[in-house]
Amino acid sequence: MDTGPVNNVILLADSYKVGHYQQYPPDTTLLYSYFESRGGKFPYVCFFGLQYILKRWLAGPVVTKEAVKEAKEIYASVYQRDDIFNEAGWNHIIEHHGGRLPLRIKAVPEGTVLPTRNVLFTVENTDPAVPWLTNFFETVLVQVWYPMTVATISRVNKQVIHHYHRLTCETTAFAEISLHDCGYRGVSSVESAALGGAAHMVNFQTSDTVAGTCLLRKYYHVDTVGGYSGAFSEHSTVTSWGRETEAEAHSNLIRANPGGQVGCVVDSYNLWQCCDEIFGVKLKELVLEHAKKGGRLALRPDSGDPKVVALRCLEILGKHFGVETNSKGYKMLPPFLMVVIGDGVNYKIIADVLEVLKENGWSAASVGFGAGASLLQRMDRDTQKCAFKCSLAVVGGREVEVYKDPVTDPGKTSKKGRLSLHRRDGQYTTAQQGQGDPETDLLVPVFENGELLRDYTFEEIRQRAQITDDDPDILEILKAC
């Protein structure tokens with residue numbers, strides 16, 4: 001996956017880092033740094049995306065003479081001087097390591113869900129001649145904040161859906177297909193779509209962001225697809241038929257996809273009339289024929305108050321197609337029919353809609369959701385307060401604990417010394433100052449001296465991210481948000 005204008009590993013850092021090799025204490029031979037979520041909007045994170053960065057950028061002989069030459073020219077122009085770029089240091093990596101990066105990275109396994117304020121990965125140099133290399137790659141490594149935050153937000157959405165399915169459905173099996181990713185057009189780039197789309201698929205099996213599947217196929221051992229979709233209409237494919245012949249637009253879509261998953265957008269004109277008169281009367285027999293062939297139909301209103309719209313659509317459709325009552329006493333549309341809410345959806349709106357449906361006796365199984373910008377774009381590095389900090393240096397043969405402790409913001413106080421991650425009595429804890437037991441450290445070596453040491457499959461990542469009884473109460477999370 002070519003990400004565009006930058007393909008030189010030496011250009012993957014903020015420009016100011018180029019001169020940092022001159023700024024560390026004399027005789028520094030090692031720098032050890034770590035990455036964590038210092039808190040943020042949600043009390044936990046779902047770790048995902050580091051493997052992509054390692055495979056895409058850091059694995060193999062990535063430093064070449066051509067790369068050094070290009071970087072030297074660009075940074076000379078950036079600084080308007082030619083004596084800052086560390087040409088000798090980069091050439092050392094070529095000459096002594098064949099262009100492979102002498103770094104060691106340990107990380108929590110991808111898909112792990114753990115509370116904030118715990119170490120997620122550590123980085124250190126393995127060649128004492130290039131200690132500056134550890135923090136040079138902070139810039140690109142910290143970009144894991146994006147897929148990690150999407151995976152976290154997606155999982156919070158899943159927790160909400162799972163909660164209401166547990167209360168109002170006979171099974172929670174359908175939770176994983178109840179939130180569709182519609183965010184491809186709403187992100188900043190194709191690479192963002194790929195990373196964000198893949199991160200959402202950690203939790204859900206439906207998506208229109210096919211770039212995410214492309215990334216998973218290349219970097220996470222997915223043979224087919226990560227997320228499924230169906231034959232869904234948009235407003236242009238309905239309104240191009242004209243207002244008076246809207247029914248023909250919908251019937252055309254259904255007839256063109258016999259026995260398939262079909263989704264019709266129903267608010268092009270009069271939503272209530274469309275559900276009541278067009279689908280409930282004019283197209284009722286066609287819908288039933290479609291169901292006999294194994295097909296399913298989703299009606300998607302794309303405007304209005306989601307709580308009001310979802311409930312009223314269910315009531316109208318239930319009047320025409322009948323209502324079943326499950327063993328928990330909640331009403332359901334027939335299994336071949338559902339309503340999908342896709343306008344401005346986020347975890348709070350999902351919770352509001354499902355709560356209203358529950359209060360009115362409807363099961364969450366009869367509705368699904370689609371999300372775009374709120375799922376893939378409406379976040380930043382501070383959503384989970386992601387940070388990469390140095391915690392240990394070796395200077396003149398002596399280990400020095402490195403940390404910051406700003407009097408103006410205690411929340412930014414960083415960790416000290418070597419770190420390890422442990423789980424005791426079901427609780428994750430980060431041991432500092434080298435005090436953890438290496439035998440129980442959950443951080444796994446994933447990269448060393450240019451070689452990828454762990455190559456996770458997407459299926460095992462999905463399994464780690466599953467909802468469990470240990471999850472914090474989702475209603476309490478929503479209150480805090």
Exercise. Before we move on, is Ser363 closer than 28 Å to Leu167 by Cα, touching a residue at least 12 places away in the same chain (Cβ under 8 Å) and in contact with a Lys or Arg (Cβ under 7 Å, 6 or more places away or on another chain)?
Worked result: yes
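Every residue in segment 191-207 that is open to solvent by 10 Å² or more (accessible area, probe 1.4 Å) and touching a helix residue (DSSP H, G or I) at 6+ places or on another chain (Cβ under 6 Å), please.
The first filter runs over segment 191-207 and keeps only residues open to solvent by 10 Å² or more (accessible area, probe 1.4 Å), leaving 191-192, 195, 205-206.
Listed by number, the residues that qualify are Leu195, Gln205, Thr206.
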For this session: Mind listing whichever residues of segment 235-268 are part of a loop (DSSP other than H, G, I, E, B), open to solvent by less than 70 Å² (accessible area, probe 1.4 Å) and under 24 Å from Gly304 (Cβ atoms)?
Result: Gly242, Val266, Asp267, Ser268
For this session: For residues that are aliphatic (A, V, I, L, M) and crowded, with 22+ Cβ neighbours inside 10 Å, scanning just segment 352-362, find the one that is nearest to Arg378 (Cα to Cα).
Result: Val353
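Would you check if Gly4 is at pLDDT 95 or above and not in a helix (DSSP H, G or I)? So that I can check it myself, show each step before the final result.
Values: at pLDDT 95 or above: no; not in a helix (DSSP H, G or I): yes.
When the stated conditions are applied, Gly4 does not pass them.
State all residues of segment 184-208 that are part of a helix (DSSP H, G or I) and of a type in the set (Val, Ile, Thr); if no residue qualifies, say none.
Taking segment 184-208 as the starting set, the residues that turn out to be part of a helix (DSSP H, G or I) are 184-186, 190-201.
Answer for segment 184-208, where residues must be part of a helix (DSSP H, G or I) and of a type in the set (Val, Ile, Thr): just Val190.
For segment 422-435, which residues satisfy the criterion of being closer than 21 Å to Asn125 by Cβ and open to solvent by less than 70 Å² (accessible area, probe 1.4 Å)?
As a first pass, look at segment 422-435 and keep what is closer than 21 Å to Asn125 by Cβ: 432-434.
Selection gives Gln432, Gly434.
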For this session: Among what's in segment 209-227 and is in contact (Cβ under 8 Å) with a residue 40 or more places away in the chain and either within 15 Å of Ala371 (Cα to Cα) or assigned to a helix (DSSP H, G or I) (or both), pick the residue that is most open to solvent (accessible area, probe 1.4 Å).
Result: Lys218
Exercise. Taking segment 103-150, which residues are among the aliphatic types (A, V, I, L, M), assigned to a loop (DSSP other than H, G, I, E, B) and touching an Asp or Glu at 6+ places or on another chain (Cβ under 8 Å)?
Worked result: none
For this session: Find the residue count for segment 292-324, including only residues that are closer than 21 Å to Ile341 by Cα, in a helix (DSSP H, G or I) and either modelled with pLDDT under 95 or within 38 Å of the chain's Cα centre (by Cα) (or both).
Result: 14
Exercise. What do you reckon, is Ile10 farther than 26 Å from Thr383 by Cβ and in a helix (DSSP H, G or I)?
Worked result: yes
Seminar exercise, completed: Restricting segment 179-190 to residues that are open to solvent by 10 Å² or more (accessible area, probe 1.4 Å) and not charged (D, E, K, R), the one nearest to Trp362 (Cα to Cα) turns out to be His180
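Looking at the structure I just gave you, is Arg100 over 27 Å from Lys404 (Cα atoms), basic (Lys, Arg) and in a loop (DSSP other than H, G, I, E, B)? I'd like the intermediate steps shown before the answer.
Numbers: over 27 Å from Lys404 (Cα atoms): yes; basic (Lys, Arg): yes; in a loop (DSSP other than H, G, I, E, B): yes.
When the stated conditions are applied, Arg100 passes them.
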Seminar exercise, completed: Taking segment 317-331 and the residues there that are in contact (Cβ under 8 Å) with a residue 12 or more places away in the chain and either touching a Cys at 6+ places or on another chain (Cβ under 8 Å) or of a type in the set (Ser, Thr, Tyr) (or both), the one that is surrounded by the fewest Cβ atoms within 10 Å (Cβ to Cβ) would be Ser327
For this session: Mind listing whichever residues of segment 105-117 are open to solvent by 10 Å² or more (accessible area, probe 1.4 Å) and not β-branched (Val, Ile, Thr)?
Result: Lys106, Pro109, Pro115, Arg117
For this session: Please verify whether segment 161-181 includes one or more residues that are assigned to a loop (DSSP other than H, G, I, E, B) and in contact with a strand residue (DSSP E or B) (Cβ under 7 Å, 6 or more places away or on another chain).
Result: yes
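Working only within segment 143-160, note down all residues that are closer than 18 Å to Phe388 by Cβ, more than 8 Å from the chain's Cα centre (by Cα) and open to solvent by less than 10 Å² (accessible area, probe 1.4 Å).
Result: Val144, single match.
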Problem set entry | Enumeration of residues in segment 332-350 that are in a helix (DSSP H, G or I) and either open to solvent by 10 Å² or more (accessible area, probe 1.4 Å) or farther than 15 Å from Ala175 by Cβ (or both) | Tyr347, Lys348, Ile349
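The values are calculated or read from the model by the stated rules, or taken from the named source; none is laboratory data. Fair warning: this is a prediction, and the values are worked out from it, not measured in the lab. Heads up, the Cβs are rebuilt from the backbone with ideal geometry, glycines too, and the neighbour counts pull from every protein chain shown. Each accessible area value is taken on the protein alone, full model and side chains, heavy atoms only, with ligands, DNA and RNA left out. Shrake-Rupley method; radii C 1.70, N 1.55, O 1.52, S 1.80 Å.
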